Every structure is written in C-alpha cells, then in structure tokens.
Amino acid sequence: MQKIQLTLDDSRRLTGKNLLWDKAGAIIDAYVDGVDKVELAQRWQANVKQLLERVGWQEEETCFRIFNNGVNLAVSAPHDALYSAVELNDIAWRMVEKDYHVELTPFDSDSEDDITTSLNTFDLESKINTLIESINAERNSQLLDLINKSESENTPFLVDDDEFSLGFGKSTQVWPITDLPQIQDIQWQTYQRVPCVYVTGTNGKSTTVRLLSAMFSKADYCCGVTSTDFIKVGDRIIDTGDYSGPSGARMLLREHSLEAAVLEVARGGLLRRGLPIAEVDAAIITNVAEDHLGQYGVNDLEALTSTKFMVAKGLTNNKPLVLNADDENIRQHYQIHKKTLTKRICWFSLDENNPLLTAHRQTGGPTCFVRSNRLIYQDAEQESDLINIEQIPMTLGGAAKHNVRNALGAIAMAKSINLSESAIKTALMTFQSNASDNPGRGNFYKINGATVIVDFAHNVHSMEAMASTLDSMPANKKFLMLGHAGDRSDDEITALTKAIVSLKPDQLMITENPEYLRGRELGDISNIIMQTALQQGLTTEQLDYSDRPLIGAEKIINQLKEGDLAFLMVISERQAIDTLLKHNIHSQ
C-alpha cells in the first residue's frame with residue numbers, strides 16, 4: 001500500500017485578484033502523494049465550511065486547483081480579516097492531516113503566531129477559540145465600510161496593514177488604519193486615478209517598462225515605474241530592490257508627483273499575493289518561457305502562461321490587452337481561452353503576415369508589426385508608419401530582434417492608450433542601450449574600436465536572444481564572460497551555457513559570483529560551465545577563470561582590439577563593471 005504523504009509548502013494571504021479567482025482571502029500550497037487529490041480537496045472544503053459556520057463567515061467561499069503533484073486550496077475572507085483567514089485555512093489543513101492519519105507538520109505562514117502548540121496533539125475547540133479571538137482582534141468594520149463605499153463610488157483606494165488611502169498621484173490622501181476618516185466627511189470627487197498599465201512576461205519586462213516610461217515622459221507625464229530593480233518616479237529612485245508586487249505599487253501610487261504609472265508584475269508577486277491593483281488601463285504579456293517553474297504549484301509552461309494572463313483580470317470596460325503573436329505559449333493559451341478573453345486584444349509580431357495578425361485585422365482589430373524595416377501600427381481607422389528600426393538605438397541596427405519586439409509591444413501599448421505619435425517616436429529614438437536608460441539589459445559600449453555588450457541574461461530564452469543578436473554582429477574575435485546564480489539547477493546551468501556557447505567564442509571567461517552561490521560551493525557552478533563548454537567543442541586553451549565578474553571583465557577589456565566583440569553576462573558587480581567600461585571609453 002502506497003504511503004500517504006502530505007507536505008504543506010506555503011500558507012499565505014491573497015490580497016488581490018489571483019490565479020484561482022478574483023477574491024481576497026487565504027491560500028495553501030501543498031504537495032500530495034498517495035491519495036486522490038480531488039477527494040483531499042473536498043475533505044478540506046468540508047472542514048473549511050465547518051469552520052466558517054463556527055466563526056460566522058457563512059457567506060465566504062472556497063475553491064481549489066489541482067496540479068500534477070499537489071493542490072492549491074483557497075478560502076475567501078473579509079478584507080479586515082486576511083491574517084485570520086490564513087489561520088482558519090491552517091486549521092482546516094490540520095484537520096485534513098488528521099483525517100488521513102499523517103503526522104502534523106510544522107510550517108511558516110502569514111500568521112504572526114504559529115497556532116500549532118504541539119505536533120502530537122490537536123485540540124480543535126481550542127484552535128477555534130483562538131481563531132475567534134484573532135478575528136475579533138483584527139476586525140475593522142470601518143475599513144470594510146470605506147472599501148465598499150470606494151468601490152460603489154468608483155474611487156481608487158489602496159489598503160495595507162498600516163494605511164488606507166484614496167486617490168492616486170497628487171490626489172492621494174493617506175490615513176492610518178487606526179485613525180480612519182468618517183465616510184460622511186469624504187469628498188469622493190476629490191480622489192482621482194492616473195493612467196496605469198501592467199507589464200508582465202518572462203523576458204523583456206524591464207526594457208518594456210522603461211521604454212513605456214520614456215514614452216509617457218515624452219508626452220509630458222511625470223511617470224513612475226515599479227520593477228524588479230527599483231521603484232522610481234520621474235528621475236528620482238525611491239528605493240532599489242524587487243518591487244514587482246503590491247507593496248511597490250502602493251508606494252508608487254501614493255507619490256504626489258506621480259501622473260502615470262507603469263507597473264512591472266512578475267510571476268512571484270502575482271502568485272504570492274495576486275494583482276497589485278484591481279483596475280489598469282492596459283496590459284502587455286511580452287512572452288512566456290521556462291523560468292522558476294516548481295513554485296506555488298506552477299510546474300509547467302501551461303500553468304506559467306495562465307499566471308501571466310492574470311493581468312487580463314485588471315482590464316475592465318474593454319481596456320486593451322497587448323499580446324506577442326510570435327510566442328507559441330501565448331498563441332496556444334489564447335486559442336484555448338479566447339471565448340472568455342473578451343478584452344480588446346492588440347497583437348504584435350515581427351511578421352506583418354503572421355496569421356493571427358492577418359485574421360485580427362480582418363475584424364478591425366489593432367496590430368503592430370514590421371514592414372520593410374519599419375514599425376507599423378494599424379487599427380480599424382488608420383495605419384501609422386512610425387519609425388525605421390535603424391532609428392531605434394536599442395535594436396543595434398536590427399541585430400537585437402528581441403528589442404525590436406520590445407519596441408513593437410511598447411508602441412502597441414502606447415497607441416492603445418492614446419499617447420501621441422510624436423512622444424512615441426521621440427522616446428524610441430532617444431532611449432539608449434546604456435546603464436542609465438536600461439541598466440543591465442543589452443548595455444552597449446565601444447572600447448578601442450571593439451564592441452562590448454553587458455546583459456543580465458538569466459534564463460535560456462533570454463540567453464538565446466542574446467546569442468541571436470551577437471551572431472548577427474561582425475567580429476574579428478569574440479569574447480564571452482559567463483557566470484550563473486546558485487539557485488539554478490545543474491540542468492539549467494548547462495542549458496544556459498549551451499545557449500550562449502553556440503556563438504563559438506574565441507575565449508570564454510568563466511567567473512564566480514560569490515554573492516549568488518545560494519548554498520552551492522565555490523567552484524561548483526564554474527565546473528559545470530567548464531564541462532559544458534568543453535563538450536560543446538571549446539578547448540581548455542580557450543577557457544579562462546576569474547574570482548569575480550569585475551576581475552573577469554577587466555581581463556577581457558585588456559585584450560580587446562579594434563573589430564572585436566565581447567559579451568559580458570553580469571549578475572553581480574554591474575555598477576562597478578559599468579564604471580570600469582566608462583573609464584576605458586574616456587581614457588582612449
């Protein structure tokens with residue numbers, strides 16, 4: 001008889017529209033083996049129903065999602081009781097473990113206190129009493145009234161553990177959760193929205209975010225962005241770090257100087273909390289490729305694509321969803337779900353005659369594409385011939401096809417929300433592939449007549465894009481610097497190395513990234529890169545090593561001659577390497 005194994009991976013709040021549904025509440029991710037997953041989910045639902053009745057939440061609901069080796073289990077809850085909802089879900093899971101006679105397992109959750117006092121005892125009545133105490137302590141009926149009134153007045157609001165706010169940008173007003181305003185005192189018409197857009201995808205997100213921000217800026221908006229690198233308003237960086245989730249969006253939208261917002265939403269934030277805000281004016285999915293699979297029950301490309309398509313839930317009133325017609329995963333998902341995707345779709349492609357674009361144009365739908373080296377936007381009313389690829393610096397004269405696609409997607413977004421063509425074109429012509437406009441993404445330098453490109457190509461899809469770009473650029477001699485983060489599997493490191501070594505570099509600099517070992521031993525990653533490079537046909541004479549990226553970059557720079565080409569994959573020490581490269585430019 002197969003042994004039953006139940007492993008709870010995560011238990012957390014859902015604060016916005018999410019993969020399972022559009023409700024706030026709590027969710028559990030669990031791995032399940034040796035038992036029917038649907039039967040387990042139904043037992044969990046029965047447990048949750050019992051608990052909901054005991055705490056007086058009879059109107060709340062449950063839903064679940066089955067994946068290949070586990071389940072997601074979600075329960076809705078009032079917005080003033082999301083931590084208590086996590087506790088309720090924890091108890092329901094403990095009851096499932098008890099039903100299947102498995103040992104209760106410890107885990108971390110959003111609850112401030114672990115409600116499990118003993119792994120060997122389970123006193124349900126005590127748990128319920130503690131839960132009711134938590135609900136009473138967390139209850140904030142005034143907050144719920146404000147949320148309900150804001151929704152009925154169609155007034156933008158934001159809420160977190162400490163603060164509630166109305167309005168975005170200059171109209172924002174913020175109150176402590178402990179000192180909320182009286183509804184009758186609020187002048188609802190005072191609080192306004194600003195244009196907001198979502199950007200998601202596996203690769204190209206940051207470049208698209210920054211390019212869209214430049215387009216807004218050229219249209220005289222003070223534009224702010226959230227991203228995996230920083231949160232920024234105009235030229236002012238508020239903070240550095242990964243702000244691609246709800247906390248970054250709240251911080252940005254409460255900035256009084258803000259007049260437009262471009263929100264990067266990454267897989268992790270979408271799955272962990274849900275959409276940052278309920279409504280935006282447009283959204284784009286740049287592409288979908290294998291990256292960070294195996295978390296939150298998203299184990300394959302189909303599930304990852306569904307995660308990216310969550311941004312469509314933020315589009316109401318026929319707001320545009322911009323999609324990459326050259327991406328197979330996006331095309332397949334759309335064909336399966338197009339009856340429910342009742343958004344205003346805008347397709348973009350490198351190929352004017354892409355079948356999706358051709359069919360879409362026949363119905364009057366908007367498209368964006370390349371024709372005779374020019375970027376064209378077309379809708380039912382007109383065709384706009386915008387710009388030649390040669391005029392867009394980040395495309396490297398068309399060699400960087402991935403950046404041609406990023407430009408097409410940004411144009412489609414900007415046209416869909418009625419930014420002026422002059423602003424769009426000016427942004428495209430002035431947006432540079434440098435560490436100022438687009439740090440870490442295809443940064444371009446000229447040193448001693450040689451070309452140096454720095455990029456944070458962190459998955460196979462992006463590495464293949466860089467290989468394609470570099471392969472189309474002439475070079476007397478090709479130099480490559482390569483290092484990976486330790487949270488990648490051996491297979492991923494091998495695949496990444498194969499993708500870029502296909503360039504057949506004359507020299508490969510293998511570098512350590514000591515800050516990104518992520519539990520690996522020093523030299524482990526370098527050894528995998530070395531073995532893969534040798535298997536792909538490089539010789540030991542073509543290999544060199546460095547303890548840090550900065551040292552490796554300096555070694556390569558000292559060898560460069562006119563007509564050479566160098567690609568530096570930079571995970572760490574990016575700023576120091578940028579300084580080094582600029583110093584060598586100025587010292588020529």
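Quick look at the values:
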{"item": "The chain - mean residue ellipticity at 222 nm from DSSP helices (-39,500 (n - 2.57) per run, n ≥ 4, rounded to 500)", "result": "-10500 deg cm²/dmol"}
{"item": "Simple Cβ-charge dipole of segment 425-515, Lys/Arg +1 and Asp/Glu -1, about Cα centre, in debye nearest 20", "result": "520"}
{"item": "Within the chain, longest stretch free of exposed trypsin sites (Lys or Arg not before Pro) [DSSP loop, at most 12 other beta carbons within 10 Å]", "result": "4-337"}
{"item": "Theoretical FRET efficiency, 1/(1+(r/R0)^6), r = Cβ-Cβ of residue 38 and residue 128, R0 30 Å, to 0.05", "result": "0.70"}
{"item": "Residue 3 versus residue 185: modelled label distance in nm, points set 7 Å from Cα along the beta carbon direction", "result": "6.2"}
{"item": "Estimated D of segment 266-340 in µm² per second, where Rh is the Kirkwood radius over Cα pairs and Stokes-Einstein applies at 25 °C, 0.890 mPa s", "result": "190"}
{"item": "Anchor residue 446: lysines whose Cα lies under 22 Å away (excluding residues fewer than 8 positions away in-chain)", "result": "401, 477, 478, 504, 555, 561, 582"}
{"item": "Gyration tensor (alpha-carbon) shape descriptor, segment 474-588, a/c threshold 1.5", "result": "oblate"}
{"item": "12 Å tail of the calculated P(r), segment 531-588, as % of Cα pairs", "result": "73"}
{"item": "Size of electric dipole in the chain: Cβ of Lys, Arg +1 and of Asp, Glu -1, about Cα centre, debye, nearest 20", "result": "1920"}
{"item": "Segment 152-228 - convex hull of the alpha-carbon atoms, volume per residue in Å³", "result": "123"}
{"item": "Enclosed volume per residue, in Å³, of the convex hull spanned by Cα atoms of the chain", "result": "172"}
{"item": "Gain upon complete extension [residue 139, residue 420; 0.36 nm per residue less C-alpha separation]", "result": "96.4 nm"}
{"item": "For residue 347, residues with placed amide H under 5 Å, excluding near neighbours", "result": "323, 368"}
{"item": "Cα shape, segment 359-405, gyration tensor, a/c 1.5 rule", "result": "prolate"}
{"item": "Cα gyration tensor category, rounded, prolate or oblate, for segment 195-305 with a/c compared to 1.5", "result": "prolate"}
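Taken together, the values in this text are just the output of simple stated rules run on the coordinates, not laboratory data. All of these numbers come straight from a predicted model, not from anything done at the bench. Neighbour counts run over all protein chains shown; Cβ positions are idealised from the backbone, glycine included.
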